[in-house]
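S.K.: Here you go, one structure.
Just so you know, all these numbers are worked out from the coordinates, no wet-lab data involved. The structure presented is a predicted model; accordingly, all values stated were derived computationally and were not measured. For neighbour counting, all protein chains shown are included, and Cβ atoms are generated from backbone atoms with ideal geometry for every residue, glycine included.
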Amino acid sequence: MEVCYNANTIAGHLDVHSPVTTLTKENAPAFYEPDVQILTSGGLRIPVHASILVSASPVLENIIDRPRKHRSSEKVIPILGVPCGAVSSFVGFLYTSRCTEEEMEKYGIHLLALSHVYSVPQLKQRCTKGLGERLTIDNVVDVLQLARLCDAPDLYLRCMKLAASRFKAVEKTEGWKFLQDHDPWLELQILQFMDEAESRIKRTRRRRQEQGLYLQLSEAMECLEHICTEGCTSVGPYEVGPTKNRGPCSKFSTCQGLQLLIRHFATCKKRVNGGCLRCKRMWQLLRLHSSMCEQSDSCRVPLCRQFKLKAQQEKKGDDGRWRLLVKKVVSAKTISSLSQQKRKRMEESRGTVGDYSIRSFKL
Ligand SMILES: [Zn+2]
Ligand SMILES: [Zn+2]
Ligand SMILES: [Zn+2]
């Protein structure tokens, strides 16, 4: 078998990439006669043009520019250690800057190695993408090793993520067993990556839990104000009274608990000083309200003004942790109302699209 990049292939190449559209022997004589041969492991010789190799790869340029031993001898560049077909595809890429999906499927890992050794960044990019799309449990360890050797960080990270997320299955592959025997450093790196990924997940979960807690507190604050100003089902201000006939409000699950707590607080004999935990909780909710409340005299929430006065008197001995709690509850509310607004906007925009389509349907 002999692969030859003849004048037609090159002319096609030139049509796309060069202002010289008509190829004649006068304007591009060098393209007609291959002046270098590439020798592959299978003994295949591929006749190529030095000018193409030189423009595509600085490493091949160095090899070609090296002085020859005998002036008359023809230049032969051996590319050994990879299948003949991979070398053909590599040379094809140097000519056309293209590589088919079939070639990628068959020779992707070899092409990545060649692109690295011969410094062809375009091909490396193509292989990073192509191999990334073809990652499987079975090949991920091999590709990972190669990505590290060939300095392909995007592919390396993609492999790491897959290996970490499917580790139980990856651990059973031949690739992993080979790695354990031959490359303990890489094994350690994968395990470290997994460890970091796990603690990242834990951190996010903890943050979400905290956020949920602050959000609950913020909702309790809203309900407290609502109970103390409008009144809910069983507790309300004297002049309004409970609104049993109005039915439960929109945040009734929180409101209900809070109403029970308020009724308890009003009737408990032990109270806070007697060590009643429920009363203590109510006390803290009232204090939290007062710290967040921006109404001065008009606020109807019990003890709001008293707490404010006390806080003013004790300004210097202010509790940093308490202030942090207030800040977090306020920001939890802001975050949740922002995401609600976003959801509402999305629903609205969906609604508009719906209206529009109905209207256009009528027309
Ligand atoms: Zn309510
Ligand atoms: Zn109590
Ligand atoms: Zn208040």
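S.K.: Could you sort the peptides 275-281, 143-149 by per-residue average Cβ neighbour count (10 Å cutoff), highest mean leading?
M.R.: 143-149, 275-281
S.K.: Quick check: pseudo-label points 7 Å beyond the Cα along Cα→Cβ at Q341 and Q216, how many nm apart are they?
M.R.: Using points 7 Å along Cα→Cβ, the separation is 2.7 nm.
S.K.: With 26 Å as the cut-off, how large is the P(r) tail for region 86-222, expressed as percent of Cα-Cα pairs?
M.R.: Within region 86-222, distances greater than 26 Å cover 39 percent of Cα pairs.
S.K.: So which of K129/K161; K124/K172; K251/K280 end up more than 19 Å apart by C-alpha?
M.R.: Table pairs above 19 Å Cα-Cα are K124/K172; K251/K280.
S.K.: Right, another one. For a quick check: with amide H placed at 1.01 Å from N, whose amide H comes under 5 Å from I38's, ignoring anything fewer than 5 positions away on the same chain?
M.R.: I46, V48, I77
S.K.: Read phi for every residue in region 326-336 and hand back ³J(HN,Hα) as whole Hz from Karplus 6.51 cos²θ - 1.76 cosθ + 1.60, θ = phi - 60°, with x for Gly and Pro.
M.R.: Per-residue couplings from phi come out as 4, 4, 5, 5, 5, 6, 4, 5, 4, 4, 5 Hz.
S.K.: Stretch S165-R263 to full length: gain in nm at 0.36 nm per residue minus the Cα-Cα span?
M.R.: 30.2 nm
S.K.: To the nearest 0.05, what FRET efficiency results for V59 and S199 with a Förster distance of 45 Å applied to their C-beta separation?
M.R.: Calculated transfer efficiency: 0.60.
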